[in-house]
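To start, the structure itself, in structure tokens.
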Amino acid sequence: MTEDLFAPPGTAWQRLSPNYLRMKLLLIPLGWTALFVGPAVAAFLVGPPALGWAVVAVWAALLAWRLIRAPRAFRRWGYAERDTDVYLTSGLFHRRLVCVPYGRMQLVQLQSGPLERAFGLATVEMITSSTQGGVTIPGLAQADAAALRDRLIARGETQQAGI
Amino acid sequence: MSLSPADPSAPAVVPARQVVEHPSPLTGVAHGGIALAAVVVFFVQELGDGGLKDLSGQAVVFGILAAAAVLLAGIYGLFAWRTTAFIVDDAEFRVERSFIWRSSSKVDYTKVQAVEIAQPLVARLLGLAKVHIDVGGAGGLNLAFLTRTRAEALREHLLARMARARALPPGPATAPGDTAPAGTPPLDQAEPPEVLVHAVTPATLLLGTAVSSPAAAALLVAGALLAASIWGGGSITSLGALLAFGGWAWSNVGRNWGFRMTRRGDTLRISRGFGSTTAQGLRPDRIQGVAVQQDLLQRITGLYRVTVTVLGFAESGDESNGAANSVVLPFGTWADVLTVLRAIWPELDLTRVQPVPQPDRARWLTPLAFEQHTWGVGDDVVVAHHGLIEHRLTIVPHRRMQSLSVHQGPLQRRLRLATVAVHTTDGPVSLRLYHLDAGIARRVFEDQLERGRAARAAVA
């Protein structure tokens, strides 16, 4: 049933670079550890040891859960370029599907932070005049991202639609 | 790396050689100078206030901090200059930044709304200027700092290129052109006569203000204060409570006193206010969406409030405040609401929009407001109605739809439901069709996309 709702629009979903999953698998432990270091140290110093170990257990459980889900969440990402619009789907827990007509794009940005660069990745962001409706495609190979950006802009110019 | 300007990532139409420009080398000096000016202003103010008593001791610390701030700003500016590049030619306008985060923004020429040149004092002394390129509702691009002449040339080029890009396809876009050049003619040419659309009577305004949830809340607070003061035996606090309530009621009534909507030619005009009258022009073709609200207590009086999302209201910040600006009917009966709606979209007929209820199993998610949640699609508009305490009817024309999305949370997945969101320009109106059957949701999504496409094609 739900597969039906997020089915690809005629053409198959294009997937993100596998490097994006690798980056996520590195980022998830870093992020959750950073989040839990403070509470864990505080719990060990102030409370009984049991409290400290409880915090560590929560950390381990959350981390394991996120790591197990990461590949599935990664596989939910998909985008499709069509004649007049772009489709993007994502999310495992909270699923979504967005469609932005080329004519509505105001600005297309290509971004890559230090870590993304290390993995050879870039993010393409399409900005419309509605902040809730913008589309961000992370984890594309840099060359693909630049090419996608140029295709999007070129189509936007020919299919402009005011606001 | 591959994001550098030299990369052959541009489309094939672009000529082989591109001129890559950088901001002025004086950018670092300008940033440092601006920081220095800020520090000096702060210092002088503190001195004037007598905040710095022990000058010798504090001045040293302060001086070090100030020097550090100026140095940091200068270094930032230096990096910004070295790492920012932009390319402007006939085919594209692109800004590349490669400071810690790399970004590359490419602007669609047809989407340029306005180009502003700003000159802070320090920049002016150095002959520099900052360029802001407005591309509509969300976001824009900043280039700092260019020489004054280059900034002006850039603006000329962008505006000319924008005009050309707009002129190429048949039937240029209607709305965006109006914000662009500085010399836009004023909204009304005073030729057609002014016709009254609707006026809010003082009785309706007073009734609407008195019987509403904020009034009840204010009354409760005032009452509590009053009770507390009577218990405590002091009369001053009770006076304060009364004053607070009176002030709230006054500002609410005063702001919308004598609310009139008139039509002159294509433009609607709203004038309101007690004492100082506020007048604003409103072009129906710039209205992106309408929301009709009715809160709990207003159901007794049968009054509604109508607000709109208008393109360009955010920019014209010269009028009081944005929230009040979006109101096109402070209080009115359903007949008044229809009058105002007809003035905005004459072709709209709400009776022809068939309301569709949610499927029965959505009761699990909206047990109390289930009866209120309906949605419908008309020839020109999407309509959604929801709300528990405040009933809200949201209307967005197909041709104003920006993008579209479907969402499904874990509970919705279990119940085979999904929510469709219709995105418009940012404003008070936001349209969501909650908890549709998952199978229908995708069809609604695809059909709505098609309707949006058709409506845009009809306008162009």
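Test B:PRO367 against the criterion of being of a type outside the set (Ser, Thr, Tyr), in contact with a strand residue (DSSP E or B) (Cβ under 6 Å, 6 or more places away or on another chain) and farther than 30 Å from A:GLN106 by Cα, and give yes or no. Quick ask: steps written out before the conclusion?
On the way: of a type outside the set (Ser, Thr, Tyr): yes; in contact with a strand residue (DSSP E or B) (Cβ under 6 Å, 6 or more places away or on another chain): no; farther than 30 Å from A:GLN106 by Cα: yes.
Against the criterion (of a type outside the set (Ser, Thr, Tyr), in contact with a strand residue (DSSP E or B) (Cβ under 6 Å, 6 or more places away or on another chain) and farther than 30 Å from A:GLN106 by Cα), B:PRO367 does not qualify.
Conditions (1) facing chain B (nearest Cβ under 7 Å); (2) over 22 Å from B:GLU450 (Cβ atoms), marked per residue:
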residue: A:ARG96; (1), (2): yes, no
residue: A:GLY113; (1), (2): yes, yes
residue: A:MET126; (1), (2): no, no
residue: A:LEU152; (1), (2): no, no
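Taking the stretch B:96-115 as the region of interest, how many residues are farther than 16 Å from A:LEU107 by Cβ and in contact with a Lys or Arg (Cβ under 8 Å, 6 or more places away or on another chain)?
The initial filter retains those residues of the stretch B:96-115 that are farther than 16 Å from A:LEU107 by Cβ, namely B:98-102.
Then keep just the ones that are in contact with a Lys or Arg (Cβ under 8 Å, 6 or more places away or on another chain); that gives B:102.
Residues in the stretch B:96-115 being farther than 16 Å from A:LEU107 by Cβ and in contact with a Lys or Arg (Cβ under 8 Å, 6 or more places away or on another chain): 1 in total.
Looking only at the stretch B:108-122, decide whether some residue is of a type in the set (Ser, Thr, Tyr) and out of contact with any Asp or Glu (no Cβ under 8 Å at 6 or more places or on another chain). Reasoning before the result, please.
Taking the stretch B:108-122 first, the residues of a type in the set (Ser, Thr, Tyr) are B:109-110.
Narrowing the set further to residues that are out of contact with any Asp or Glu (no Cβ under 8 Å at 6 or more places or on another chain) leaves none.
No, that holds for no residue.
For the stretch B:377-399, does any single residue satisfy the condition of being small (Gly, Ala, Ser), within 14 Å of chain A (Cβ to nearest Cβ) and either more than 30 Å from B:VAL200 (Cα to Cα) or surrounded by 16 or more Cβ atoms within 10 Å (Cβ to Cβ) (or both)? First the steps, then the outcome.
At the first step, the residues of the stretch B:377-399 found to be small (Gly, Ala, Ser) are B:378, B:384, B:387.
Subset that is within 14 Å of chain A (Cβ to nearest Cβ): none.
No, the conditions are met nowhere in the stretch B:377-399.
In the stretch B:329-338, is there at least one residue being buried (at least 16 other Cβ atoms within 10 Å of the Cβ), under 22 Å from B:PRO202 (Cβ atoms) and of a type in the set (S, T, N, Q)?
no
Does any residue in the stretch B:288-308 that is assigned by TED's automatic domain parsing to the domain that holds B:ALA217 and farther than 17 Å from B:LEU431 by Cβ come within less than 7 Å, Cβ to Cβ, of a residue that is among the small types (Gly, Ala, Ser) and surrounded by fewer than 17 Cβ atoms within 10 Å (Cβ to Cβ) six or more places away or on a different chain, and which pairs are these?
Filtered contacts from the stretch B:288-308: B:ASP295/B:SER213; B:LEU296/B:SER213; B:LEU297/B:SER213; B:LEU297/B:ALA216.
B:PRO284 - would you say it is modelled with pLDDT of 75 or more, surrounded by fewer than 16 Cβ atoms within 10 Å (Cβ to Cβ), assigned by TED's automatic domain parsing to the domain that holds B:PRO330 and closer than 26 Å to B:VAL381 by Cα? Spell out the reasoning first.
Numbers: modelled with pLDDT of 75 or more: yes; surrounded by fewer than 16 Cβ atoms within 10 Å (Cβ to Cβ): yes; assigned by TED's automatic domain parsing to the domain that holds B:PRO330: yes; closer than 26 Å to B:VAL381 by Cα: yes.
Here the answer is yes, as B:PRO284 does meet what is asked.
Here's the yes/no breakdown for (1) away from chain B (no Cβ under 14 Å); (2) more than 14 Å from the chain's Cα centre (by Cα); (3) without any contact (Cβ under 8 Å) to a residue 12 or more places away in the chain:
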residue	(1), (2), (3)
A:TRP13	yes, yes, no
A:LEU16	yes, no, no
A:TYR20	yes, no, no
A:LEU30	yes, yes, yes
A:LEU45	yes, yes, yes
A:LEU51	yes, yes, yes
A:PRO71	yes, no, no
A:ARG76	no, no, no
A:THR84	no, yes, no
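Among the numbered conditions (1) under 24 Å from A:PRO8 (Cβ atoms); (2) facing another protein chain (nearest Cβ under 7 Å); (3) part of a helix (DSSP H, G or I); (4) not polar (S, T, N, Q), tell me where A:GLU157 comes up short.
Status for A:GLU157: all satisfied but (1).
Restricting to strands (runs of 3 or more DSSP E) lying wholly in the stretch B:57-125: which have 2 or more residues that are modelled with pLDDT under 85 and assigned by TED's automatic domain parsing to the domain that holds B:ARG150?
Working: elements: B:84-88, B:93-98, B:102-107, B:114-118.
Here the list reads B:93-98, B:102-107, B:114-118.
Have a look at B:HIS423, B:HIS407 and point out the one that is within 15 Å of A:GLY133 (Cα to Cα) and under 20 Å from the mean Cα position of the chain (by Cα). Give the derivation first.
Details: B:HIS407 fails: under 20 Å from the mean Cα position of the chain (by Cα).
Every option except B:HIS423 fails the conditions.
The values are calculated or read from the model by the stated rules, or taken from the named source; none is laboratory data. Just so we're clear, the structure is a prediction, and the values are computed from it rather than from any experiment. Here Cβ is always computed from backbone atoms with ideal geometry, including for glycine, and neighbour counts include all displayed protein chains.
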